[in-house]
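**Student:** My questions all concern the structure below.
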Amino acid sequence: MTENKYDVLIIGGGISGLSALHFLKQNDSSLKIKLYEADTRLGGTIGTDNIEGFSLDWGPNGFLDREPLTLELVEQLGITDSLERANDNVSNRFILRAGKLRPVPMSPPKFMTSSILPISGRLRVMMEPFAKTRPEGIDESIYDFVKRRIGVQAADYLVQPMVSGVYGGVADRLSLQSCFPIMREMEDDYGSLFKAMIAKAKQAKAKKKKSGSPSGPGGWLTSFKGGLYSVIEQFQKNYNDDISCGMRAKSITKQENSYHVTFEDGTEVTTKHVILATPTYKAADLVTSFSTSLAQSLNSIPYAPISVVCLGYKKDDIQHKLDGFGFLVPKKENLKILGSIWTSSIFENRAPDGMVQFRTMIGGDGDHESINLSDAELIKTIEHDLDSIVGINGKPVLTKIYRWAKGIPQFKIGHAEIMLKLEKELKRQGNVYLTGNAYYGISLNDCIKQSFKIANQITQ
Ligand SMILES: Cc1cc2nc3c(=O)[nH]c(=O)nc-3n(C[C@H](O)[C@H](O)[C@H](O)COP(=O)(O)OP(=O)(O)OC[C@H]3O[C@@H](n4cnc5c(N)ncnc54)[C@H](O)[C@@H]3O)c2cc1C
């Protein structure tokens, strides 16, 4: 048993824990900090495998370059040169309707002439400025919001697939306010999403004129040459002495002005501040000895299961040109898969010459069963669904499955209430902090933002 004293202890070495370590070091290099990771490797859900010339991302495959803080972090880590911007064809996205891939139109005139929705659905979208106002005092679901503003067909065919693609979620269970606060603000500030979009497009145009920035308001999908894991390797390189892997925190007890953390191997550590950068259900186990209220709130944030299934094929075996980002599948189409990303069309060197890579998602909050399928059943299901959409003549030359049983936190109706309770209890306890994708946003950008915020709170 060893006893160490730290200013700050970080538990969890995914992107959230690692970026918290980085920002703390930037703010005050004299702090005595240690990051403990349970696994023998860093990265959490971020990982890249290189198999037979295919480069396969385990979980996240990129981030949107709209968040200056993420780009600053990359710059400070010294790996800006390794950034890889998605190919230009990434704006060709597809949605399945009536069994056919329909291009997602990128402008209002294109929308009106597209086949993405039947004409009645497209006309209903145009009625958006005349939508009913939001019912007062409720945490409206994403589905209800979209149905109210642009109609049921758009909710089913445009928004539900997007929600399952990003959140692995079901649109009528998720809170608009917690998942897409910007939509709610647009409605509040402009009374209409259309008016807000026009105003924002004008602002963006003016800004672009000033800065010459290439990224649109939504940002551009970006990764690193060779896959997303490069960023984790760089954290490891820069902060090796401050990190211990293979160290699972077992319990935390609160003392008068400090926290005492015990690890599975018997190591004991005392720290003034403790940052929990683990999934919520792991953080709940750790805090339960000093705050059952905190543990309860943490346990009330549910997760959806998701499997990422990477399949490699000979290019000649695929009938579709795969000229774009990939496609999403609305629930109404009655297929098992949520969507598929054409990884080798998006980034360079993700498949050997003459081969392609599909990265297909299956599961989500609407399907808690697929995660339990055997490897053979999963692959068969995906081959069947992909074949019906893009036409496949041969068998995959490579298959790799990444299962995430508790994959993506769900910001359900009432999430904002949970967060208020959590914040109140954190304040009452003092010197314990939460970061990760389960609180204010699920993306890598959101994780980094949350870690930046708490690093500043600690060093202010
Ligand atoms: C399949 C999938 C695809 C995604 N795709 C994208 C994407 O393309 N773009 C995007 O922006 N976001 C994406 N996300 C969301 C988000 O980016 C990731 O969830 C993000 O990597 C989460 O990072 P994290 O550090 O908060 O948590 P994690 O990556 O889960 O890391 C938590 C770490 O804590 C460790 N830990 C747990 N318990 C203990 C303990 N007791 N002691 C010590 N350590 C412990 C774990 O081992 C783990 O390493 C995706 C998520 C999933 C699951």
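The values are calculated or read from the model by the stated rules, or taken from the named source; none is laboratory data. Keep in mind it's a predicted model, so treat the numbers as computed, not measured. Positions of Cβ are backbone-derived with ideal geometry, glycine not excepted, and every protein chain shown enters the neighbour counts.
**Student:** On the given criteria, is Asn299 under 29 Å from Gln160 (Cα atoms) and free of Cβ contacts under 8 Å to residues at least 12 places away in the same chain? Before you say what the answer is, go through the steps one by one.
**Tutor:** On the way: under 29 Å from Gln160 (Cα atoms): yes; free of Cβ contacts under 8 Å to residues at least 12 places away in the same chain: no.
The answer is no for Asn299.
**Student:** Surrounded by 17 or more Cβ atoms within 10 Å (Cβ to Cβ), on the phi < 0 side of the Ramachandran plot and among the acidic types (Asp, Glu) - does that describe any residue in the stretch 302-325?
**Tutor:** Checked against the condition, which is being surrounded by 17 or more Cβ atoms within 10 Å (Cβ to Cβ), on the phi < 0 side of the Ramachandran plot and among the acidic types (Asp, Glu), the stretch 302-325 yields no hits at all.
**Student:** Every residue in the stretch 273-292 that is more than 14 Å from Leu35 (Cα to Cα) and not small (Gly, Ala, Ser), please.
**Tutor:** Passing the criteria: Pro279, Thr280, Tyr281, Lys282, Asp285, Leu286, Val287, Thr288, Phe290, Thr292.
**Student:** Across the stretch 409-455, what is the total count of residues that are small (Gly, Ala, Ser) and outside any helix (DSSP H, G or I)?
**Tutor:** Count: 6.
**Student:** Checking the structure you have, find out if any residue of the stretch 48-56 is on the phi > 0 side of the Ramachandran plot and within 7 Å of the ligand (Cβ to nearest atom). Can you show your working first?
**Tutor:** Taking the stretch 48-56 first, the residues on the phi > 0 side of the Ramachandran plot are 52-53.
Remaining after also requiring within 7 Å of the ligand (Cβ to nearest atom): none.
Looking for residues that are on the phi > 0 side of the Ramachandran plot and within 7 Å of the ligand (Cβ to nearest atom), one finds none in the stretch 48-56, hence no.
**Student:** Output yes when any residue across the stretch 293-316 is more than 23 Å from the chain's Cα centre (by Cα), closer than 30 Å to Ser388 by Cα and either in a helix (DSSP H, G or I) or within 11 Å of the ligand (Cβ to nearest atom) (or both), and no when none is. Show your work before the answer.
**Tutor:** So in the stretch 293-316, the residues more than 23 Å from the chain's Cα centre (by Cα) come out as 293-296, 312-316.
Cutting the leftovers down to closer than 30 Å to Ser388 by Cα gives us 312-316.
Next, from what is left, pick out any that are either in a helix (DSSP H, G or I) or within 11 Å of the ligand (Cβ to nearest atom) (or both): 315-316.
Yes, the stretch 293-316 has at least one match.
**Student:** Looking at Leu64, Leu71, Leu9, which one is closer than 16 Å to Phe452 by Cβ and in the same structural domain as Lys282 (by TED's automatic domain parsing)?
**Tutor:** Leu71
**Student:** Moving on. Considering only residues that are part of a helix (DSSP H, G or I) and either out of contact with any helix residue (DSSP H, G or I) (no Cβ under 8 Å at 6 or more places or on another chain) or among the basic types (Lys, Arg) (or both), which ones fall in the stretch 72-114?
**Tutor:** Scanning the stretch 72-114 gives Glu72, Glu75, Asp81, Asp88, Ser91, Pro108, Pro109, Lys110, Thr113.
**Student:** If you go through the stretch 230-283, how many residues are touching a residue at least 12 places away in the same chain (Cβ under 8 Å) and either part of a loop (DSSP other than H, G, I, E, B) or surrounded by 21 or more Cβ atoms within 10 Å (Cβ to Cβ) (or both)?
**Tutor:** 30
**Student:** If I ask for residues that are out of contact with any Phe, Trp or Tyr (no Cβ under 7 Å at 6 or more places or on another chain) and either within 16 Å of the ligand (Cβ to nearest atom) or in a helix (DSSP H, G or I) (or both), which ones from the stretch 390-403 would you list? Write out each step before concluding.
**Tutor:** Filtering the stretch 390-403 down to residues out of contact with any Phe, Trp or Tyr (no Cβ under 7 Å at 6 or more places or on another chain) leaves 390-391, 393, 395, 399-401, 403.
Residues satisfying the conditions are Val390, Lys400, Ile401, Arg403.
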